[in-house]
Amino acid sequence: MSKRNTDTADPGQDPYLDREREKYESPVPSREYIIEQLESQARPLSRKDLAELFGLEGEDALEGLRRRLKAMERDGQLVRNRRNGYVVVDNEELVRGRIRSSADGSGVVHPDRPGPNVYLAPREMRRLLNGDRVVVRLTGDDEQGRLGGELVEIIEHANHEIAGRYYEESGIGFVVPNNKRLHQDLIIPAADRNGAKHGELVTAEVVSQPSRRRQPIGRIIEVFGTQIAPGDEVAVAARTHGIPVEWPDEVLRESGRFGEQVPEENKSGRRDLRELPLVTIDGADARDFDDAVYCEPTQSGWKLIVAIADVATYVTTGSTLDTEAAERGNSVYFPRNVVPMLPETLSNGLCSLNPEVDRLCMICEMQINTEGQLKRSRFYEGVMNSSARLTYEDVDAIHNHRDPSLRRQHKGLLQHIEHLYEVFHAMRRDRDQRGALDFDTTESVIEFDSAGQVADVHPAERTDAHRLIEECMVKANVATARFLRRHRIPALYRVHEPPAEERLKNLREFLAQTGLKLGGGDEPTPRDYAELIEQIRKRPDRHLIETIMLRSMMAAEYRPDNAGHFGLALDAYAHFTSPIRRYPDLVVHRAIKHVLSKQPVEAFQYTEDQLVTVGEHCSMTDRRAEEATRDATMTLKCRFMADRLGEEFTGVISGVTSFGLFVELDELFVDGLIHITNLEQDFFHFDAIGHRLVGERTGKEYRLTDRIRVRLAQVNVDDGKIDFDPIAHPLGPDGEPLPQPEPSKRQDRGKGRERSRKSGSRSRRRRR
């Protein structure tokens, strides 16, 4: 295309030219200016056309343009047509997002920007695997009312290594992925089997991604054996979910250059807080200390200081450290193991706010009034020296139990701890006043013996010391969101949307079965949820009801558009307090530093579109970490239960499906399945609305939250599955069987059929 057919654009008119000059020696047009010019041309332009449009000449300038366009393709801002012309992704026609696949081979695109999910039929999924980022074209609603789409472009393949079990059939080798969302097996050529035998657990590298005509092809790079060995559960879970475990050599070299101590020259120009008795309060097994706190009373309330590790000083944008941290997205905390976001020389060393050593920090200084409300705040760079590394147990023992030994040991901090509890109680009152949710869910703790075997599984103890730190961090994050909004700088917010209509409907139908009701009509507020939580506080089935309530909630995510936080009843919220273990916090620190340096907002290193991509990726890694941790924990629980076959337990029905009942054991929080074929000799109908199975002949009902006694029948450690046999149901609060009605007469069978018709379920099973 000649110049006379293409309008010219002056690169000097690029509104983000100053930012580009700061980042690059030979700046090219910014992403925003490229998109603006493509939209003004109203037609696709090739790389050559764009070079002519901007008047770019010379090898460096042309190479810079090539790299920028490639990065914009990767981030889903642009797509290329068949004639290599670049097209701006228009949210009205084209949607970019990440694939979440189903076992039937279909998929759903979760858009990067707020909007409805897009359904992809199995034929559109042939080239895709779970987690891939794509651009799709909307095709309208299908016959089932789902918004459909067709694949336009694959932005990024998410799966480069796949963990699974290797099989051979008719001379063909293949790996069946552990991750059930990976719906295609991986073909393994004979030369790439690496000694793997039929039925062994392996990790395979994806050599060739799937196409329309064939499955993905791989080569085996790791063999675990036929069973998951003790200690390998973390490696298997990490491989299954694509969590990077190994550190590239260049990342380790870069992190090792900083040394172990903060140089004196790095402390200059910062507020000196080394004489302030800041302390860290964390779990006993914590090794990375993101935050330290200090509090003192004022005439109108308290001054609360939250000091956060200044990771941004060491991890700079575009460095190998930054690239690796961004890819990981977050640290993953497994039982007895951590896969950190940053190498340990930084996460546990130079960045960590360890006791009695100088550390660089970012300070959020807040004025809290007597009602616990945040009145004013300011941010600045500081240098601190932690006075003590305290655990939650220490603080609880000092304040609530008046432990004489600990009080003598930390005599100089006693008043400080008292002030922290004072402001904590005030902030809890503010939390209750605005109606923030507090499910206070119980998690399980896995204890190991000296040989590394699982010794015990028990509920985690959660005290006011945990809640104290939680409230301090929430307030600092609120102050951060206000700071970002006030200075109008693009950043990542932690967004939690109100419950979706369908989820809300399902919750109300479930609550009706338990005699409960959620207020608020079609648009319940956090306060409505909070009032319901208070109603069930003393119920024996509280844990299960809270679980169902949590399932009605939308997942929180990272986005540059602030849509508030429903669960916390806040109109703005941003993560600031954990930059060692969460990449979004690091991005937020960079935004704060940019404002503090008095640079123009336009020169900030992130565009809004880049933040959309970063936010979506970090939301994905957040979900990925949760799933991997759950898998590893279940493997360990299975190993703990494997020696207890035949033992009896009491528990609660935690899930009802067409194929059986899931039961969660008391105190252990171990889940297992009672298959429908192991229930009474009867036809059982699945009532999805009532969350129950109903016997057609007997009228016997198994309902969600019912208490039940079971026998441990089978444990499969590798698959993370436990099977139970029923012994007694239902049980009263004391664990004793409740009286059972006489078997239903013939007319009762009709009632059973009527219930089934009302539920719309045709699922029927008979005991074998």
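Where a number appears in this text, it was derived from the coordinates with a stated rule and is not lab data. From a predicted model like this one, the values you see are computed outputs, not experimental measurements. Virtual Cβ from ideal backbone geometry, glycine too; neighbours counted across all protein chains shown.
Details
- Residue order, fewest to most beta carbons within 10 Å, for 302, 247: 247, 302
- Paramagnetic label zone (point 7 Å from Cα along Cα-to-C-beta, residue 57; backbone N under 20 Å) in region 27-44: 27-29
- In this structure, the pairs whose alpha-carbon distance is over 25 Å, taken from 48/70; 180/505; 180/637; 303/593, are 180/505.
- Under 14 Å, Cβ to Cβ, from residue 481 - net charge with Lys/Arg +1 and Asp/Glu -1: +4
- Projecting the Cα atoms of 154, 305, 58 onto the dipole axis of the chain, where Lys and Arg carry +1 and Asp and Glu carry -1 at the beta carbon, places 154 farthest toward the positive end.
- The length gained on full extension between residue 486 and residue 453, counted as 0.36 nm times the residue separation minus their Cα-Cα distance, comes to 6.7 nm.
- With 5 Å bins from 0: P(r) over region 3-88, alpha-carbon pairs, percent: 3, 15, 27, 29, 19, 6, 1, 0
- Hydrodynamic radius by Kirkwood, which averages 1/r over all alpha carbon pairs of region 543-584, in angstrom: 12.3
- Kirkwood estimate for the chain, i.e. one over the average of 1/r between Cα atoms, Å: 29.2
- Assigned charges on the beta-carbon of Lys, Arg, Asp, Glu; region 3-88 dipole about Cα centre (debye): 600
- Dipole of region 498-655, positive direction: furthest Cα of 586, 510, 604, with charges on the beta-carbon: 586
- Between region 569-616 and region 52-80, the Cα center-to-center distance that results, in Å: 26
- Rg/Rh, computed from the Cα trace of region 293-369 with Rh as the Kirkwood radius, has the value 1.10.
- Charge dipole of the chain (Cα centre as origin; +1 on each Lys and Arg Cβ, -1 on each Asp and Glu Cβ, all else neutral): 2240 debye, rounded to the nearest 20.
- Shown here for region 162-265: trypsin sites (Lys or Arg not before Pro) in loop regions (DSSP other than H, G, I, E, B) with at most 10 other Cβ atoms within 10 Å, namely 212, 213, 257.
- Per residue, the convex hull spanned by the Cα atoms of region 74-189 measures out at 132 cubic angstrom.
- Net charge contributed by nearby residues that have their C-beta within less than 10 Å of residue 295 (K/R +1, D/E -1): -2
- Two-site label geometry, residue 391 and residue 378: point separation in nm, points 7 Å out along Cα→Cβ: 3.8
- Largest first and in whole Å, the equivalent-ellipsoid semi-axes of region 344-463 read 28, 23, 18, each the square root of five times a Cα gyration tensor eigenvalue.
- Separation between Cα centres of region 299-340 and region 173-211, rounded to whole Å: 35
- Selection of GluC sites (Glu not before Pro), region 639-711, meeting DSSP coil and at most 10 other Cβ within 10 Å: 647
- Placing unit charges on the Cβ atoms of the charged side chains and taking the dipole of the chain about its Cα centre, the candidate lying farthest along the positive direction among 286, 387, 533 is 533.
- With R₀ fixed at 41 Å, the C-beta to C-beta distance from residue 400 to residue 261 puts the FRET efficiency at about 0.65.
- By the count of neighbouring beta-carbon atoms within 10 Å, fewest first, 488, 270 end up ordered 488, 270.
- Simple Cβ-charge dipole of region 564-634, Lys/Arg +1 and Asp/Glu -1, about Cα centre, in debye nearest 20: 340
- Between the beta carbons of residue 688 and residue 444, assuming R0 = 30 Å, the FRET efficiency works out to 0.60 to the nearest 0.05.
- Approximating the spin labels as points 7 Å out from Cα along Cα→Cβ, the residue 411-to-residue 127 distance works out to 7.4 nm.
- Relative to the current alpha-carbon distance between residue 158 and residue 666, full extension at 0.36 nm per residue lengthens the span by 179.0 nm.
- In nm, spacing of pseudo-spin labels at residue 208 and residue 102 (7 Å Cα→C-beta vector): 3.0
- The alpha-carbon positions of region 499-604 define a convex hull whose volume is 138 Å³ per residue.
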